[in-house]
Amino acid sequence: MMITPFIQGFGAGGGLIVAIGAQNAFVLSQGVRGNHHVVIALICILCDAVFITAGVAGIGGTVSANPALAQWVAWGGAGFLFVYGCGSLRSAVRGGCLETSDRAVLSLGAAILTTLAVTLLNPHFYLDTVILLGAISSRFHGENRLLFWAGAVSASTLWFICLSLGGQMLAPIFRKQISWRILDTLVWATMWIIAASLIMHGMAD
């Protein structure tokens, strides 16, 4: 059964965004404290939406206009996702925990600047939102590409809302290694499923 564009966009966006990193740790830690957590979440959601839109509208269109390039990107994207998934699998096996009590409460200005820094100064942010999601979206056309975009943006929005507003509940849970292992396992599975889908599309072309 074919995966719908919205679900594939949700899975691709969610799998990339959920991957443990400085941004997610920061959002969760501030959510635990209730420290400008709504503003921080909104900044992350808006940044993702803007750059996912740029990727789907720009990179996706460029790739889809060139069949040879689209096939190259499909294989290259699959390879990247495979390696990305390996990293999550390695983290799941190794285990980890999140410590949220090592930072002082930030002022609104400092919270905004820190959020922008952990988001926009991270090269992987552009790789994930603009290049990779844009490339994956090139597999779809017209309304299906719009559905893919909606899925990716929805995944980002839901994730940051959960991190921010659910911080008080999530923090004690994610101090345990088993929680991170479960999360990393889900990210690994998502990445490899999407990689397999890209490979199949590449072979079909």
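Bear in mind these aren't lab numbers, they're just calculated from the coordinates by the rules spelled out. The shown structure was predicted, so the numbers you read here are calculated from the model rather than taken from an experiment. Positions of Cβ are generated from backbone atoms using ideal geometry, with glycine treated the same way; all protein chains shown enter the neighbour counts.
Okay, here's what the table says:
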item: Anisotropy class of the stretch 103-151 from Cα gyration tensor, a/c 1.5 cut; result: prolate
item: Whole-Hz couplings from phi, Karplus 6.51/-1.76/1.60, listed for the stretch 41-49; x for Gly and Pro; result: 5, 4, 4, 5, 5, 5, 4, 4, 4
item: Stretch gain in nm, segment ARG181-GLN71, where the contour uses 0.36 nm per residue and the Cα spacing is subtracted; result: 36.3 nm
item: Amide proton proximity set for ARG175, modelled H, under 5 Å, gap of 5+; result: LEU98
item: The stretch 113-205 - convex hull of alpha carbons, volume per residue in Å³; result: 125 Å³
item: Footprinting exposure proxy for CYS86, CYS162 (fewest neighbouring C-beta atoms within 10 Å first); result: CYS86, CYS162
item: Förster-model FRET efficiency, 35 Å R0, LEU146 and SER107, C-beta, rounded to 0.05; result: 0.35
item: Sorted by Cβ neighbour density within 10 Å, fewest at the top, the residues THR114, THR185; result: THR185, THR114
